[in-house]
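Take a look at the structure below.
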Amino acid sequence: MSKLHYHQQLSTLIDNTLLHLYCHVAISRCFVTTTKRNMILCRYLKPKIKQPQHKSIKGDIKRMVITGQKAGANLELKLEELRKMANDYKESINDAQHLYDLLNHLFDEHGFNSRFFHEGEKTEPEIIYILKDHLEHCFEESGEQIAPVSLLIKFEQNTPDILINVINQTYLFCASLYEHNTETKQTHIHLNSYRKS
């Protein structure tokens, strides 16, 4: 799992946990103490430890629950700090890191392998190819994207729409179909920084 995916998952859980707390506080007719808030948060988080979708952040959830059970602790404040850290991380990474995270996500979650294309090499279906020399001109030294990144792929089982939708759902890049040959099923997809689209 990429660092970005980890931080996204952690950030989503924290947001949902805090929303759960604030809903309880909003319907309460009396002041909700820190101790009571910790109980509400722990009760919400405990079942998440065993849920398969939270497997990668299971240790973090356990630490949150343990923190909330300590006398004098303020789990709400700790969650706010963690939320800020996760958001700061997302904002600090550059476009080149986003591309790396995207390619890892496509492989880990959807089985799309990727590699550099070398002149004269026979391509395999369902593998994303990237031109290395082209890639060097897509990013500044700071890692900011300055030109569209080209992905080349020959589909046999999937379709261009599937890959484009998967990429767009990550919010790392905005993918668009540049060219598609229906006979050879060769596809050329452009990636642009999501922030610029």
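Laboratory data are not the source of any read-out in this text; all were calculated from the coordinates shown. Bear in mind the structure is a predicted one, so any value in this text is a computation, not a measurement. Heads up, the Cβs are rebuilt from the backbone with ideal geometry, glycines too, and the neighbour counts pull from every protein chain shown.
Tyr178's amide H: which non-local residues (gap 5+, or another chain) put their own amide H closer than 5 Å, with H modeled 1.01 Å from N in plane and none for Pro or chain starts?
The list, which skips near neighbours in sequence, is His188, Ile189, His190.
Restricting to lysine pairs 8 or more places apart or on different chains, what number in region 81-174 have Cα atoms under 29 Å apart? Don't jump to the answer; show the numbers that get you there.
Numbers: Lys90/Lys132; Lys122/Lys132; Lys122/Lys154; Lys132/Lys154.
Taking region 81-174 as the scope, the lysine pair count is 4.
Which distance in Å, rounded to a whole number, links the C-alpha centroids of region 1-43 and region 129-151?
39
Give me the one-decimal nm value for the distance between modelled label points at Glu81 and Arg43, 7 Å along each residue's Cα-to-Cβ direction.
Here the answer is 2.6 nm between the modelled labels.
Report the Stokes-Einstein translational diffusion coefficient (µm² s⁻¹, integer) for region 1-87, Rh taken as the Kirkwood radius over Cα pairs, at 20 °C with viscosity 1.002 mPa s.
Rounded to a whole number, D works out at 162 µm²/s.
Work out from phi, with θ = phi - 60° and the Karplus expression 6.51 cos²θ - 1.76 cosθ + 1.60, the ³J(HN,Hα) of each residue of region 114-125, listed in order in whole Hz, and give x for Gly and Pro.
Residue by residue, region 114-125 yields 9, 7, 6, 8, 10, 3, x, 6, 7, 7, 10, x Hz.
Which aspartates and glutamates have a Cα lying under 17 Å from the Cα of Lys50, excluding residues fewer than 8 positions away in the same chain?
The qualifying aspartates and glutamates are Asp60.
Using the Cα atoms as the points, what is the convex hull volume per residue of region 86-175 in Å³?
Considering the Cα atoms of region 86-175, their hull volume per residue is 94 Å³.
Given the -39500 (n - 2.57) contribution per DSSP H run of 4+ residues, what per-residue ellipticity at 222 nm results for the chain, rounded to the nearest 500 deg cm²/dmol?
Value at 222 nm, helices only: -16000 deg cm²/dmol.
If one puts a single equal scatterer on every Cα of the chain and applies the Debye formula without solvent, what log₁₀ I(q)/I(0) results at q = 0.09, 0.11 Å⁻¹?
-0.48, -0.64
Say each of Glu126 and Tyr6 gets a label point 7 Å from the Cα, pointing the same way as Cα to Cβ; how far apart are those two points in nm?
2.9
Which angle from 0 to 90°, rounded to the nearest 10, does the C-alpha axis of helix 75-92 make with the longest principal axis of the chain?
The angle comes out at about 20 degrees.
Hey, how many Å between the Cα centroid of region 160-197 and the Cα centroid of region 45-122?
A separation of 24 Å, based on Cα centres.
On C-alpha positions alone, give me the angle between the axis of helix 95-110 and the longest principal axis of the chain, in degrees, nearest 10.
So the helix axis and the longest Cα principal axis differ by about 90 degrees.
In nm, to one decimal, how far is the Asp15 label point from the Lys90 one, both placed 7 Å along Cα→Cβ?
The two pseudo-label positions are separated by 0.5 nm.
Fully extended, how many nm does the chain gain between Gln69 and Ser114 (0.36 nm per residue separation, minus their Cα-Cα distance)?
Once the chain is fully extended between Gln69 and Ser114, it gains 11.7 nm.
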